[in-house]
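Participant: Sharing a structure below in structure tokens format, with a few things to ask.
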Amino acid sequence: GNKNINAKLVLLGDVGAGKSSLVLRFVKGQFVEFQESTIGAAFFSQTLAVNDATVKFEIWDTAGQERYHSLAPMYYRGAAAAIIVYDISNQASFERAKKWVQELQAQGSFYMFACINVYMAVLDSLLHVAFLRPVADITVKLLLFSLNCNPNMVMALAGNKADLLDARKVTAEASSSFYAIEAQVYAQEYGLFFIETSAKTATNVNDIFYEIAKRLPLV
Ligand code: GTP
Ligand code: MG
């Protein structure tokens, strides 16, 4: 049968990396040369058919400005997927992207640890109640699910503005420079899916969402 899946997705990255532009391209097929800097965050949704499932992305486009940093956990907490965006013509934005990966992964392992502790404690207490014993495991799993205990976030690294070939500072695999290997190797090491995109020319924009959809559990 056809499955419908809702997936919360968050975009994180430096100011001007192109988060809003990627979303605008994916959701509306548009690009604007002078995209305004996001204030707080913006919400969008878009559906995508993958295999025999329909994935409805609930997208949080966050603001890259440092003063909004403290809001970020509200948007990435419980998210099924994250796209961390940097600008290939801006080395500092790549460094900022790595910081986001660190923050998400630290949060992920902390969260997983907390979830496992809750699981063990609740399971243990349920096992003392005779009639709950047969359903204890599934009961705890349902409880954890309702608490949004999902540490298995799908993470993608997007090297955006791939159309700016002359301004390139962070190079991809095909190139022979130092940074080529850097982005690819970094992504591999940290278990991210890596792709270069251009919101301007639309290169790989649908692809990144499609690849994320394919990596979601239950698809
Ligand atoms: P904040 O909301 O401030 O965090 O920035 P953002 O990451 O949302 O960046 P935004 O989408 O606003 O893009 C910043 C600027 O880069 C805009 O002027 C865009 O037109 C431009 N831009 C975005 N993506 C691309 C791209 O793929 N290629 C080129 N050449 N320019 C782009
Ligand atoms: Mg923005």
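Participant: What about Phe34, is it farther than 18 Å from Tyr210 by Cβ, surrounded by 14 or more Cβ atoms within 10 Å (Cβ to Cβ) and among the aromatic types (Phe, Trp, Tyr)? Show your work before the answer.
Facilitator: Working: farther than 18 Å from Tyr210 by Cβ: yes; surrounded by 14 or more Cβ atoms within 10 Å (Cβ to Cβ): no; among the aromatic types (Phe, Trp, Tyr): yes.
No.
Participant: Within region 159-173, which residues are modelled with pLDDT under 70 and either assigned to a strand (DSSP E or B) or under 15 Å from Asn204 (Cβ atoms) (or both)?
Facilitator: Hits for region 159-173 are Ala172, Glu173.
Participant: Moving to a separate point now. Do we find that Ile195 is surrounded by 14 or more Cβ atoms within 10 Å (Cβ to Cβ), at pLDDT 90 or above and not in a helix (DSSP H, G or I) in this structure?
Facilitator: Values: surrounded by 14 or more Cβ atoms within 10 Å (Cβ to Cβ): yes; at pLDDT 90 or above: yes; not in a helix (DSSP H, G or I): yes.
Spelling it out, Ile195 is indeed surrounded by 14 or more Cβ atoms within 10 Å (Cβ to Cβ), at pLDDT 90 or above and not in a helix (DSSP H, G or I).
Participant: Scan region 64-111 for residues that are part of a helix (DSSP H, G or I) and of a type in the set (Val, Ile, Thr) and jot them down. Step through it out loud before you land on a result.
Facilitator: Residues of region 64-111 that are part of a helix (DSSP H, G or I), as a first pass: 66-76, 91-111.
Val101 - this is the single residue of region 64-111 that is part of a helix (DSSP H, G or I) and of a type in the set (Val, Ile, Thr).
Participant: Scan region 34-63 residue by residue and report those that are hydroxyl-bearing (Ser, Thr, Tyr) and either assigned to a strand (DSSP E or B) or touching a Pro at 6+ places or on another chain (Cβ under 7 Å) (or both).
Facilitator: Those that are hydroxyl-bearing (Ser, Thr, Tyr) and either assigned to a strand (DSSP E or B) or touching a Pro at 6+ places or on another chain (Cβ under 7 Å) (or both): Ser45, Thr47, Thr54, Thr62.
Participant: Considering only region 43-55, state which residues are surrounded by 15 or more Cβ atoms within 10 Å (Cβ to Cβ) and out of contact with any helix residue (DSSP H, G or I) (no Cβ under 7 Å at 6 or more places or on another chain).
Facilitator: Matches in region 43-55: Ala53, Thr54.
Participant: Further, regarding this structure: Go through region 1-33 residue by residue and tally those that are assigned to a helix (DSSP H, G or I) and in contact (Cβ under 8 Å) with a residue 40 or more places away in the chain.
Facilitator: Residues meeting the conditions: 7.
Participant: Going by the conditions given, is Ala63 farther than 19 Å from Ile84 by Cβ and either free of Cβ contacts under 8 Å to residues at least 12 places away in the same chain or not acidic (Asp, Glu) (or both)?
Facilitator: When the stated conditions are applied, Ala63 does not pass them.
Participant: For region 23-40, give me each residue that is touching a helix residue (DSSP H, G or I) at 6+ places or on another chain (Cβ under 6 Å) and either within 11 Å of ligand 2 (Cβ to nearest atom) or of a type in the set (Asp, Glu) (or both).
Facilitator: Gln35, Thr38
Participant: Moving to a separate point now. Only one of (1) within 11 Å of ligand 1 (Cβ to nearest atom); (2) out of contact with any Lys or Arg (no Cβ under 7 Å at 6 or more places or on another chain); (3) farther than 17 Å from Val154 by Cα is not met by Lys3, so which one is it?
Facilitator: Failed condition: (1).
Participant: For region 1-12, which positions are under 15 Å from the mean Cα position of the chain (by Cα) and more than 9 Å from ligand 2 (Cβ to nearest atom)?
Facilitator: Scanning region 1-12 gives Asn6, Ala7, Lys8, Leu9, Val10, Leu12.
The values are calculated or read from the model by the stated rules, or taken from the named source; none is laboratory data. These numbers were taken from a predicted model, which means no experiment stands behind them. Using ideal geometry, Cβ is built from the backbone for each residue, glycine included, and neighbour counts are taken over all protein chains shown.
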